[in-house]
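The values are calculated or read from the model by the stated rules, or taken from the named source; none is laboratory data. All figures in this text were calculated on a predicted structure; none of them were measured in a lab. Backbone-built Cβ (ideal geometry, glycine too); neighbour counts: all protein chains shown. Just the protein is used for accessible areas: all its heavy atoms, side chains included, with ligands, DNA and RNA removed. Shrake-Rupley method; radii C 1.70, N 1.55, O 1.52, S 1.80 Å.
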Amino acid sequence: MAAAGASASASAAEPVTQTIELPTLTADLSAQVAQSAAATQQAAANYELRAERDAAAAKAATEAKKDLAEAKKKAEAKKKAAEAARKAAAERANRSTERATLSASASASASTSVSAPSSGSVATVIAFLKAQVGDAYVMGATGPNAWDCSSLVQAAYKQVGVDLPRVSQDQSMAGTDVPLSSVQVGDILYWGGKGSAYHVGVYIGNGQYLDAANPSKGVVIQDLSGYPASGAVRVL
């Protein structure tokens, strides 16, 4: 009985010890799990932050590379524009010098050939016209680097004090009518009806004339056989 009672007491005491220790172990395990989860979450957050920084750095590098390429492109375009402007200015300066030289030496350069007659006035007109070869054709332009057909003719004869009307229709009515078979250097050629001409040029000899032809050709020397005139007038 005593042994049984003691055994019963011992048995009854064991659950008490287990009941005390179990919550302690559970609490420690929960704390460890919580710490591990927090550490994992922090690591994930750090990784995400690092990934965002890397992405931002890569984007910044790409944009910087793009900006640099754009800057180089703009600089190259600016350089080309400056070079084109420099060349254009040089060409204008050379052309102006050539015109001044031709105008100053027009009388001296006259010869007995049909393309450069001995008449000082006609020679001056022809010299002025030849100095404009290569200029642009622009409707309504009056020089010094762009002309239309009638403004070029008007400017050429103004060099020798002859005031011609501005438009081709009126220029075809100026001076004295000349048969095309008797045309001479310095005569004005016109295309279309007299008084309603749509184009004018100047005969320079050897079957050729000089005119501000059209936007694609500009001021050129052409063969009269390729584009026969309708009539001619003489003002010198």
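Points to keep in mind about this one:
- All told, V160 meets the bar of being in contact with a Leu (Cβ under 8 Å, 6 or more places away or on another chain), open to solvent by less than 50 Å² (accessible area, probe 1.4 Å), under 24 Å from G120 (Cβ atoms) and not in a strand (DSSP E or B).
- Selected residue (criterion: nearest to N214 (Cα to Cα)) from residues of the range 119-135 that are assigned to a helix (DSSP H, G or I) and in contact with a strand residue (DSSP E or B) (Cβ under 6 Å, 6 or more places away or on another chain): L129
- On inspection, A3 fails the criterion of being modelled with pLDDT of 70 or more, open to solvent by less than 90 Å² (accessible area, probe 1.4 Å) and farther than 30 Å from A156 by Cβ.
- Selected residue (only one of S105, S172, S151, S115 is surrounded by 14 or more Cβ atoms within 10 Å (Cβ to Cβ) and modelled with pLDDT under 95): S115
- Residue within the range 64-80 that is at pLDDT below 75, within 30 Å of N145 (Cβ to Cβ) and surrounded by 10 or more Cβ atoms within 10 Å (Cβ to Cβ) present: no
- Test set (1) open to solvent by less than 70 Å² (accessible area, probe 1.4 Å); (2) not in a loop (DSSP other than H, G, I, E, B) - P165 fails condition number: (2)
- Count of the range 185-202 residues which are of a type in the set (V, I, T) and open to solvent by 10 Å² or more (accessible area, probe 1.4 Å): 1
- Residue in the range 205-219 that is open to solvent by less than 30 Å² (accessible area, probe 1.4 Å) and touching a Lys or Arg at 6+ places or on another chain (Cβ under 8 Å) present: yes
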